[in-house]
Amino acid sequence: MSDQHRQAFKEEAYELLAELETSLLELEEAPDDMEVIGRVFRAMHTIKGSGAMFGFDDIAAFTHEVETVFDQVRNGKIAVTKNLINLTLAARDRIKAMLDASDGGGVADEAYDAEIIAGLKKLLPETDGGKSGTASVPESPLPATDLSQDDVTYRIRFTPVSDIFLNGTNPVSLLNELRQLGNCRIVAQTCAIPKLADLEPESCYVYWDIILTTSVGKNAIMDVFIFVEDDCDLKIDVIDDGGRLDTEANYKKLGEILVERGDLTSSSMGAILSQQKRFGEIAIESGLVEPDKVQSALVEQQHVKEIRQERQTQDSVSSIRVPSDKLDILVNLVGELVTVQARLSETSAGRKDPELLSIAEEVERLTTELRDNALNIRMLPIGTTFSKFKRLVRDLSLELGKEIEMTTDGAETELDKTVIERLNDPLVHLIRNSIDHGIESPDVRESTGKPRQGTVHLSAVHSGDSVLITINDDGAGLNKEAIRAKAVEKGLVTATAELSEKEIFSLIFAPGFSTAQKVTSVSGRGVGMDVVKQAIELLRGSININSQPGVGTTITVRIPLTLAIIESLLVKIGSDCFVMPLSLVEECVELTNADVQKAHGRHIANVRGQIVPYIPLRERFRIKENAPSIEQIVITQVNNQRVGFVVDHVIGEHQTVIKSLGRAYRDVKGLSGATILGDGSVALILDIPQLLHSVEMEERAA
Amino acid sequence: MADFTIKRSKPKGASKTRVLSVSGEMTIQHANEIKSALLAAFAEAEHLSLDLGKVTEFDLAGMQLICSAHRAAYTTKKEFTVTGTGSEVFKAAALAAGLPRHIGCAEDVNKTCIWVGGVE
Amino acid sequence: MGKVIMTADDSASVRQMVSFTLKQSGYEVVEAVDGKDALQKLSGQKVDMLITDLNMPNLDGIGLIKGARAIPTCKFIPIVMLTTESQDGKKQEGKAAGATGWIVKPFKPDQLLAVVKKVLG
């Protein structure tokens, strides 16, 4: 409240107090003068009321007591006595002192105040003695807000009395007030309006059905009608509770709504239902219900339908359950679409029709978006798998008498659901290996100055169209000599073979290799790592080992995001097209006849000073036609090795929808599937790691 | 504040038609006056056209009158049309009172209810 | 065109506060010092709403409400009375006399505006 208003009140109060003094003295002369008594009462009343409004709460509370007494005097319950006049005059002086005090003058004297009040109270008849208390418990006509946060839908029937206009009420402004509370639909019921001749123009014949969805609660709705409580018939029902109780999925039938509202009897509803037509039409035709009421019920039905739909949309933002085979079908269809789109692009490129070209481009853009979205739907965070591993690590370390903590990182990284499922077993193997072979026993660790507790860190991170999953332990690291010795013992390499570190590490993926001194129940009998490698390659992924003695080992698994559609490189040998996963391709270089001759028949190319072995696919696939004079080497990175694959031509990048080869060709090595090209022909998808593996095996055998 | 007037006129060449044109506030303040004017016009016409184009304010009593006149018309088999309902004032008032609807009342056999469709 | 509201109150400070609050919200305000003054002004001027105190000299609030309802231009206007919590019976008396609603003293400017909006639409 501004000072300006306070100041105005004070001026007024001083005036009133002066007047009060005069009136009281007058009253002493003529104790029965009702006019003077009224004046005293009004002065007190104004000081109290205005005092409270402008923040003079002490004055308001004190004056209230005096006013209460004078109310009784006014009603003839108490006579004006000398004592009353004295007390009131004393009270008047106290009020003035309080006014002065608000400016810093005057002194508060609570004991004296209490004395005056006690004296005044003695004058009151017994029954009223206890009633006078504090002056302000304001009742507010403002809407009170409930605590409830949920949106609840109410059906309100507001039927004003016919002479509602006569006390200045405009029902429409109440409707407007309701509209401000929430989502509101209002239907005026006009059926009671009589013909002109019978109309009382100043009466209200209309009533309203209101459907309101709001979070403010029923009390706030009642507050809207606070002034007309006694001048209307108000019915408020909850028809939708914001989903807390909505078990029935269906909206109420029109007939049910009408019966609930009392506009139709249930037997009439049955009669109408027995006819096979739209309920509303029959209800009106048969004259059982006024059209207005049907209209209003229809509005309710619509309103509830809409808010429920809205709620459903909101719910679905959090999650939606769909059987995964539905998603598979979607992805398949998208795959088909991608194929057809490729044909469209190719055909339009040949036609040189600008309009067709622009359509094809648009379709391409949309297809790519659709593809990404469809594949995205299948994506799940890898985190659930991670938490399973935590349990595994805990159980294993107990079993082996080791102290191991597992930390994870990137649990939110998303991967195709199928990939996650198929990744589970290989990862379990790798983690087991880290725990069994990697992390030392606590005593050994302590003696080498490491903390007793070992750590296995599992992390996942996106990298291009792949996900990198790393398993990192702070254990002993791989023992190169032991691996080498074992490999020689198993006849995997010759004793004199010159092997790089990476080559030695990759030996542990060879079938039948195990370095564990002790065969434990955990790492089994050395069937682990080669199985892991196979499983990961089946997912078109690759695996990579890094290790430092005494520091630890890091195994990195690179997995493509999805199995259904891949970005790939389309190449050509003779008249056949092949597809290589782009994620494995590093670069393409030319291979001339001169280069081949320089290498003296060995399949080795010199790429910027680096020796890169290559596999001539023409030879390998026994393609008869002659090679062009300049061939292309597609250099790939597989399991830490750079290996080239020689093809005739590199056509370019291609979005490849993977089709399986079917049962008959399932076991064909070196091919992971097929795809359909834009012109309708089939291209085989090369299984690069498998090709490399089989070539290595042949060489070793030779 | 626009003065309230209600004028009755007879279009040329249509002796059985009366046009009643209201200007100013079509509110409860003038409800009795409007009712009398409507009754008088109905008494001498086969076709009554109510022009609301110059109305500056409607309230519920005003709109009740329109409904009531409409009802009177079809019970006496007379024609009743309402013009000038395109104004923002009219549309806003009808919406505020919750009058727009999809089906007219039971008596609206000729489907001429002015609240059906259109207003929104 | 701002709506015209009359405030009838014998307390100058309340009148000032009501008037100030309403004017700030774009209403035009006519002040009257008591019921008699209010009735006189009402018969000469059309107002859209009346806010009246109940306890006033010369003619109190109830008398003013009855008198106002008898004036044709005031027959249907919203009339809001200012009451104190000790006057619950007055609320009924006021409604019977034709009041539209009430505001309980003490009130804040926001509460006043909410009620004005409620009855004026």
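None of the figures in this text is laboratory data; all of them are computed from the coordinates on show. What you see is a predicted model; the values in this text were computed from it and never measured. Cβ placement follows ideal geometry from the backbone for every residue including glycine, while neighbour counts extend to all protein chains displayed.
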Task: Å³ per residue enclosed by the Cα convex hull of segment A:380-560 - done: 112
- [ ] Treat every Asp and Glu Cβ in the protein assembly as shown as -1 and every Lys and Arg Cβ as +1, leave all other atoms uncharged, and give the resulting dipole magnitude about the Cα centre to the nearest 20 debye.
- [x] 3160
Open item on the list: Using only Cα atoms and rounding to the nearest 10 degrees, what angle (0 to 90) does helix A:528-538 make with the longest principal axis of chain A?
Closed with: 80
Task: Computed magnitude of the charge dipole of segment A:3-129 (debye, nearest 20; Cβ of K, R +1, Cβ of D, E -1) - done: 260
Open item on the list: At 0.36 nm per residue, and after removing the present C-alpha to C-alpha distance, how many nm does the segment from A:Ala482 to A:Ser358 gain when stretched out fully?
Closed with: 38.3 nm
TODO: Express as a percent, rounded to the nearest 5, the fraction of DSSP beta bridges in chain B (both residues included) that run antiparallel.
DONE: 25
TODO: Indicate the gyration tensor shape class of chain C (rounded, prolate or oblate), computed on the Cα atoms with a ≥ b ≥ c the square roots of the eigenvalues: a/c under 1.5 is rounded; otherwise a/b larger than b/c is prolate and the rest oblate.
DONE: rounded
TODO: With the Cα gyration tensor of the protein assembly as shown in hand, give its eigenvalues times 5 under a square root as the equivalent ellipsoid semi-axes, listed largest first in whole angstrom.
DONE: 90, 45, 24
Open item on the list: Please give me the summed charge of the neighbours of A:Phe62: other residues whose Cβ is under 11 Å from its Cβ, Lys and Arg +1, Asp and Glu -1.
Closed with: -3
Task: Alpha-carbon spread of segment B:5-96, three principal axes, descending order, Å - done: 35, 26, 21
TODO: Kindly put C:Met49, B:Met26, A:Met580 in sequence by how many other C-beta atoms sit within 10 Å of each C-beta, fewest to most.
DONE: C:Met49, A:Met580, B:Met26
TODO: Can you tell me the FRET efficiency between A:Tyr14 and A:Leu89 if r is taken as the Cβ-Cβ distance and R0 is 22 Å, rounded to the nearest 0.05?
DONE: 0.85
Open item on the list: Nearest 10 degrees is fine. How inclined is helix A:291-318 to the longest principal axis of chain A, computing both from alpha carbons?
Closed with: 50
Task: Inter-probe distance in nm under a simple model that places probes 7 Å from Cα toward Cβ, at B:Glu88 and B:Glu57 - done: 1.7
Open item on the list: At a 10 Å Cβ-Cβ cut-off, how would you order A:Arg452, A:Arg391, A:Arg92, fewest neighbours first?
Closed with: A:Arg391, A:Arg452, A:Arg92
Open item on the list: Could you work out [θ]222 nm for chain B from helices alone, using -39500 (n - 2.57) per DSSP H run of at least four and dividing by all its residues? Round to the nearest 500 deg cm²/dmol.
Closed with: -10500 deg cm²/dmol
Open item on the list: Taking 0.36 nm per residue of sequence separation and subtracting the Cα-Cα distance, how much length would be gained by fully extending the chain between A:Glu587 and A:Thr496, in nm to one decimal?
Closed with: 29.4 nm
Task: Projected label distance in nm at A:Ile651 and A:Glu28, using a 7 Å step from Cα toward the beta-carbon - done: 11.9
Task: Relative contact order of chain C, defined on C-alpha pairs under 8 angstrom at six or more residues apart (%) - done: 23
Task: Neighbour net charge for A:Arg365 - beta-carbon separation under 14 angstrom, K R +1, D E -1 - done: -4
Open item on the list: Placing +1 on the Cβ of each Lys and Arg and -1 on the Cβ of each Asp and Glu in segment A:1-62, which of A:Pro31, A:Ala43, A:Phe54 has its Cα farthest towards the positive end of the resulting dipole?
Closed with: A:Phe54
- [ ] State the percent of C-alpha pairs, over all pairs in segment A:617-658, separated by a distance greater than 11 angstrom.
- [x] 73
- [ ] Find the Rg to Rh ratio for segment A:420-488, where Rh is the Kirkwood radius over alpha-carbon pairs and Rg uses the same atoms.
- [x] 1.06
Open item on the list: With n ≥ 4 as the cut-off for DSSP H runs, can you work out [θ] at 222 nm for chain A, using -39500 (n - 2.57) per run divided by the number of residues, rounded to the nearest 500?
Closed with: -14500 deg cm²/dmol
Task: Amide hydrogen neighbours beyond the local backbone of C:Thr84, cut-off 5 Å, H modeled - done: C:Lys105
Task: Dipole magnitude of segment A:380-560 about its Cα centre (Cβ charges: Lys, Arg +1; Asp, Glu -1), debye to nearest 20 - done: 320
- [ ] Determine, from the Cβ-Cβ distance of A:Asp325 and A:Glu503 and an R0 of 45 Å, the FRET efficiency 1/(1 + (r/R0)^6), rounded to the nearest 0.05.
- [x] 0.55
Open item on the list: For the pair A:Ile630/A:Asp667, report the inter-label distance in nm, with labels modelled 7 Å from Cα in the Cβ direction.
Closed with: 4.4
Open item on the list: Under the 0.36 nm per residue contour assumption, what length would be gained going from the current alpha-carbon distance of B:Ser36 and B:Lys12 to full extension?
Closed with: 6.3 nm
- [ ] Go ahead and run the numbers for FRET between A:Asn606 and A:Asp372, Cβ-Cβ distance against an R0 of 51 Å, rounding to 0.05.
- [x] 0.80
TODO: Working from Cα positions, state the angle (0 to 90°, nearest 10) between the long axis of helix A:82-101 and the longest principal axis of chain A.
DONE: 40
Task: Given charges at Cβ of Lys, Arg, Asp, Glu: the protein assembly as shown dipole, positive-most of C:Thr83, A:Met529, A:Leu17 - done: A:Met529
TODO: Could you check what % of the DSSP bridge pairs in the protein assembly as shown are antiparallel, to the nearest 5?
DONE: 65
Task: Burial ordering of A:His457, A:His5, A:His462, fewest other beta-carbon atoms within 10 Å first - done: A:His462, A:His457, A:His5
